[in-house]
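The values are calculated or read from the model by the stated rules, or taken from the named source; none is laboratory data. The structure displayed is predicted, hence computed values, not measured ones. A quick note on method: Cβ atoms are made from the backbone with ideal geometry, for glycine too, and the neighbour counts reach across all protein chains shown.
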Amino acid sequence: MIDRIKEKLAELIKEKLGLMKVAVALDETNVQKMGRTKLVRARVRGGKIQRRKKVSAVKGYTIRGGKLTRMTSAERLKRKISQRKGKIKRKAKMARALIKRKRSLRKRKSLGL
């Protein structure tokens, strides 16, 4: 009995480690750090594919004309406000989607599906 449990645990640990290695490998292939900049390779945003985009790896700096430049205080403030608005909008949209999903699942359950 104990041997079976140990075997099962070892199997689960091996599986989880394999999944973690795959996740780490995917992360590494997507973003490559190059000194003070990062190179984001292929990614999908809103159904569109973005390729080879350089972004800053340093807080408070952005890339302008291929060079790393310090963000102005106005730009930092605008970005901060925009991110806050975006967070609220994303949260609200997700809440609506979850309500609709819950409603759909309830309807399916009542139909016996």
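Condition check: at pLDDT 85 or above and over 25 Å from the mean Cα position of the chain (by Cα). Does THR69 satisfy that?
Against the criterion (at pLDDT 85 or above and over 25 Å from the mean Cα position of the chain (by Cα)), THR69 qualifies.
May I ask you to list pairs of residues, at least six apart or on different chains, whose Cβ atoms are under 6 Å apart, with the first in the range 59-70 being under 13 Å from LEU39 (Cα atoms) and the second being of a type in the set (Lys, Arg) and not in a loop (DSSP other than H, G, I, E, B)?
ILE63/LYS54
Among the residues of the range 34-46 satisfying the criterion of being over 27 Å from ARG90 (Cβ atoms) and exposed (fewer than 11 other Cβ atoms within 10 Å of the Cβ), which is nearest to the chain's Cα centre (by Cα)?
Looking at the filtered set, the residue picked out is MET34.
Quick check on ILE49: is it under 24 Å from ASN30 (Cα atoms), within 19 Å of the chain's Cα centre (by Cα), outside any helix (DSSP H, G or I) and of a type in the set (Val, Ile, Thr)?
Yes; evaluated as a whole, the condition is true for this residue.
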